[in-house]
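The structure under discussion appears below in the form of structure tokens.
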Amino acid sequence: MTLVEFQDGFWRDLWAEPDTLPASGAAAQPGFAVYRNTVLKGCADALISLYPAVHRLTGDVWMRAAAIDAVRAHPPSSGELQHYGAFFPAFLDTALADSELPWLGEVARLDRLWSESHVAADAPVVDVATLALFDLERLAASHLVPHPAARWRWSADWPAYSLWHAARTAAEDPNPPHWSGEGALLTRPDGAVISIDLGAAECALLDACAQGTPLGAALDAVQARFPSFDPGAALGRLLNQGAFAALTEISA
């Protein structure tokens, strides 16, 4: 047996169901079960640490059981557990589709976006003063580039941001003021991740900017979809949160 064959077999046995383990080799050693449990616990602990809002909203017992089930279904592919767990929101969507917590996957997605924002690359932040240097024609033809640390999401069905924010800030009452759709923006303009709630129109504007759409065309498209959209107010909120890293002129 080559080293690669041994490693592949060891990894396969590590995640196999107990009743399917071979009767010989590493899996037959007395300490193998202890090692399996230690690895499983370590992966579950990592997953729990990456989803603190979900943990707070569900409690230790529920979260640990869910984390263990999720780890068994999706074992890590490397030892870098700080990047592990991207599958967890979708896992919760499936597991909780017919439960009283169908919104928990959306909360988990905001936990994930926080982690992504936290480790994203640094970059300058565009402010309102930068836009003031451009006349309206040049501004409309320019592209606002989202900041590398900016993350946003629109949840059409659930007040995901209110639930997530209440959990992350340890609010005494995590119940949202309403049960309608909400968006969220997470940015890191000064070294720490900050967040605000967003409307569907603001999320649509960020989507358009991320696709490279010129600002004028992006604003027109959002206005057409959302007649009550206020372009000036929306841009001001996004700029104040550090949502953009550059304003570039698009060549004709």
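Considering the range 112-157, and only residues there that are without any contact (Cβ under 8 Å) to a residue 12 or more places away in the chain and outside any helix (DSSP H, G or I), the residue that is nearest to A218 (Cα to Cα) turns out to be D135. Would you say L238 is in the same structural domain as L113 (by TED's automatic domain parsing), within 23 Å of D111 (Cα to Cα), touching a residue at least 60 places away in the same chain (Cβ under 8 Å) and not in a loop (DSSP other than H, G, I, E, B)? No: the conditions fail for L238. Check the range 175-196 and report whether any residue there is over 30 Å from L57 (Cβ atoms), buried (at least 21 other Cβ atoms within 10 Å of the Cβ) and in contact (Cβ under 8 Å) with a residue 12 or more places away in the chain. Looking through the range 175-196, none of the residues is over 30 Å from L57 (Cβ atoms), buried (at least 21 other Cβ atoms within 10 Å of the Cβ) and in contact (Cβ under 8 Å) with a residue 12 or more places away in the chain.
Counting residues in the range 151-169 that are surrounded by fewer than 16 Cβ atoms within 10 Å (Cβ to Cβ) and more than 19 Å from R109 (Cβ to Cβ) gives zero. The combined condition, being in contact with a Pro (Cβ under 7 Å, 6 or more places away or on another chain) and assigned by TED's automatic domain parsing to the domain that holds A221, is fulfilled by S162. Counting only helices (runs of 4 or more DSSP H) that sit wholly inside the range 46-105, those with at least 2 residues that are surrounded by fewer than 17 Cβ atoms within 10 Å (Cβ to Cβ) are 60-73, 88-95. Across the range 208-234, the number of residues qualifying as touching a residue at least 12 places away in the same chain (Cβ under 8 Å), more than 23 Å from the chain's Cα centre (by Cα), within 15 Å of L198 (Cα to Cα) and in a helix (DSSP H, G or I) comes to 2. Among the candidates A149, A132, which residue alone is in contact with a strand residue (DSSP E or B) (Cβ under 8 Å, 6 or more places away or on another chain) and among the hydrophobic types (A, V, I, L, M, F, W, C)? Sole residue among the options that is in contact with a strand residue (DSSP E or B) (Cβ under 8 Å, 6 or more places away or on another chain) and among the hydrophobic types (A, V, I, L, M, F, W, C): A149.
Scanning the range 184-234 for residues that are β-branched (V, I, T) and over 28 Å from A121 (Cα atoms) gives a single hit, V222.
Checked against (1) buried (at least 17 other Cβ atoms within 10 Å of the Cβ); (2) in contact (Cβ under 8 Å) with a residue 40 or more places away in the chain; (3) more than 21 Å from R112 (Cβ to Cβ), G199 passes all but condition (2). Of the residues making up the range 241-252, those that are in contact with a Pro (Cβ under 8 Å, 6 or more places away or on another chain) and outside any strand (DSSP E or B) are Q241, G242, A243, I250.
The values are calculated or read from the model by the stated rules, or taken from the named source; none is laboratory data. Every value quoted in this text rests on a predicted model; they were computed, and no experiment measured them. Neighbour counts run over all protein chains shown; Cβ positions are idealised from the backbone, glycine included.
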